[in-house]
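Single-structure report; data block below.
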Amino acid sequence: MMRRFIPVLLASVTLTNSQALSQPSLSQASTCQRSNAQNFLVFGGGGGPSYNEIALEKNMLYFQRSLKELGYNPSVAPIYFANGNTGEKTVRYLDERGREQYKTHTIPNVQGASSIANLRTWLTEAAKEKSSTPLFFYFSGHGGHNRVNEDNSTLLMWRDRQLNVQNFTQMLDRLPQNKPFVTMMSQCYSGSFANLIYRGGDPNKGVALQTRCGFFATIKSRPSVGCTPEVNEADYRDYSSSFFAGLTGRDRVGRKVASADYNKDGRIAYSEAHAYAKVDKFTTDLPISTSEAWLQRQVSNPTMQEQILGQPIAPLAKIARPEQRFVIESLSKQFKFDPARSFRGNLQAMKPDLVKTAEDEAYLVRLSMELTNVAMERRVKTSKDAKAISTLNRLLRCEAGSWGKP
C-alpha cells in the first residue's frame, strides 16, 4: 500500500508563500508568423542524438496533424527541431529487434535547429511586429532540474545548451504588452516554467504586464514521462498526447475521443484540454498550469491545505468551473470516493487495493491538487485583494483561450 507516501507528495506540490504582485494590465492578443487567428512556434528534440528519441519527432508530426484537424495549414507553424536540416542521423529509435538505431528526421517545414540562438532570433523578430495575434509556443524535449532553485530549471536545447526560466522569460519580456503568449511544455520539471508569468521569470519581481500563461506536463520538482525510442505511437502515454487529443478531439493514432467541451460553448479551451489530460492517460505526471501554480503559491502553510482537504468534496465540486468539476468527479469515481466526505476522510477509509502503483498515487495527488485549486480560487475571488483578483482573472482568461478559427 502506497498511501503513506501521499502526504509527502502533497507537500511537494504546495509552493512558497505569495509574493507582492504588480498591478497587471488587461492585455489583449498577439504574435507573429502570419495566420490571422493564431500564430505558432514549435521547438523540439533532444540536446544531442543520444537523447533525441523518436517520440519527440513523432510529437512534432502529431502537432502538425492537430493543426490540420482544426483547419490550419501545418505550414503556418515554424518548427525548430534538434539538428535542423543538416541531414544528420540524430533521431534515436529501436528497430523491430529492439536494437538502437539512428535516422534523419522526416518532419516537414523544419526551419532550423532547436538552438537558443534560433529561439532568440525568432522572438526578437516577433517583438518588432505590430500584430496582436496570439502566439502559441509548444516545446517537446527534455528539461534540466535546478536543485538549488527549482523556480529556475532549464530547457535542454540542441548541442546540450541549457536555457533557464529566467533567461527564457527575459526574451518574452521584450514582446509588446498586447502580445499574449500561451505555451504548452512537456519536458521534465516543466512546471518551473510556470514562472514565466513574472517579470524576468522571477517570482520576487511581480507579474509581468504582458498576458502570458501556460500548461505543463508536471510540477517543477518532478520528471515527466513520454520520451521513448519505441516506434509504436499507440503505446505512447504522455501529457502532449492527451493535451492535443483533448484540444482537437482526435488522439495521435486518429481515433475520435470524448469531447472536452465541458462548458458546452462549442469550442475547446486550453484549460479544457488540460483538464482532459489530467484524467486521460495513466501516468505519474502531475500536470499544472500557470494559474494553478500561482494559486498553490497562495497556500501559506500546511494547515491551510489540511483544512482544504478536510472539506467535503461535493461542495468544492459544486463551485468548481466545469473543467475542474470534470476532473474532481472523474478522479473521485476512479477511487470510489464518497463526495459527501472529505479527501482526507475518503483516503483513510479507502480500500488498500485501490492504490497499488505510482500511477495510482499520482492520480490521488492530482485530485488533491484540483481540490486545492478550487478552494484557493474561491478564497482569492472572495477576498478584498483587488490586485490578486485581477491577476487571477487575467490568468484564467488567458488559459480559457483556444486556437480559434483559421
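Laboratory data are not the source of any read-out in this text; all were calculated from the coordinates shown. None of the values given here were measured: they were computed from a predicted structure. Don't worry about glycine lacking a Cβ; one is built from the backbone with ideal geometry, like all the others, and counts go over all protein chains shown.
Under 5 Å between amide hydrogens, which residues at least 5 positions from Asp238 or on another chain qualify, with H placed 1.01 Å from N in the peptide plane? Result for Asp238 returns nothing. Across the options Gly87, Gly310, Ser50, the greatest Cα extent toward the positive end of the charge dipole of the chain (unit charges at beta carbon of Lys, Arg, Asp, Glu) belongs to Gly310. In the range 254-379, one over the average inverse separation of all distinct C-alpha pairs is 15.1 Å, which is the Kirkwood hydrodynamic radius. Multiplying the residue separation of Gln334 and Arg174 by 0.36 nm and removing their Cα-Cα distance gives an extension gain of 53.1 nm.
Amide H contacts of Asn85 (H built 1.01 Å from N, in plane; Pro and chain starts excluded): Ala113 sit under 5 Å, all sequence-distant by 5 or more or on other chains.
Let me know the shape class of the range 227-287, please: from the alpha-carbon gyration tensor, a ≥ b ≥ c as square roots of the eigenvalues, rounded when a/c is under 1.5, otherwise prolate if a/b is greater than b/c, or oblate.
The shape class here is oblate.
Farthest towards the positive end of the charge dipole of the chain, among the residues Val148, Phe216, Ser402, is the Cα of Ser402, using unit charges on the Cβ of Lys, Arg, Asp and Glu.
Taking only the alpha-carbon positions of the range 312-406 and ignoring solvent, what does the Debye formula give for the base-10 log of I(q)/I(0) at q = 0.13, 0.25 Å⁻¹? Taken in order of the listed q values, log10 I(q)/I(0) reads -0.54, -1.26.
Just need the relative contact order of the chain here, percent rounded to a whole number, with Cα pairs under 8 Å and 6+ apart. It would help to have the intermediate numbers written out before the result.
Details: 870 pairs, mean separation 79.5, N = 406.
Averaging sequence separation for qualifying contacts and normalising by length gives 20 percent for the chain.
For Tyr51 and Glu359, the difference between the fully extended length at 0.36 nm per residue and the C-alpha to C-alpha distance is 108.5 nm.
Taking Rh as the Kirkwood radius computed over C-alpha pairs, what is the Stokes-Einstein D of the chain at 4 °C in a medium of viscosity 1.567 mPa s, expressed in µm² per second? Before the final figure, lay out the partial values.
Values: Rh = 21.4 Å.
Diffusion coefficient, whole number: 61 µm²/s.
Quote the FRET efficiency, to the nearest 0.05, computed for Lys264 versus Gln348 with a Förster distance R0 of 51 Å and r equal to the Cβ-Cβ distance. With R0 = 51 Å, the Cβ-Cβ based efficiency is 0.90.
Couplings 3J(HN,Hα) for the range 130-142, derived from phi with the Karplus relation 6.51 cos²θ - 1.76 cosθ + 1.60 (θ = phi - 60°), are 9, 5, 9, 5, x, 10, 10, 10, 10, 10, 10, x, 10 Hz, where x marks Gly and Pro.
Take every pair of alpha-carbon atoms less than 8 Å apart whose residues are at least six positions apart; their mean separation over the length of the range 284-351 yields a relative contact order of 33 percent.
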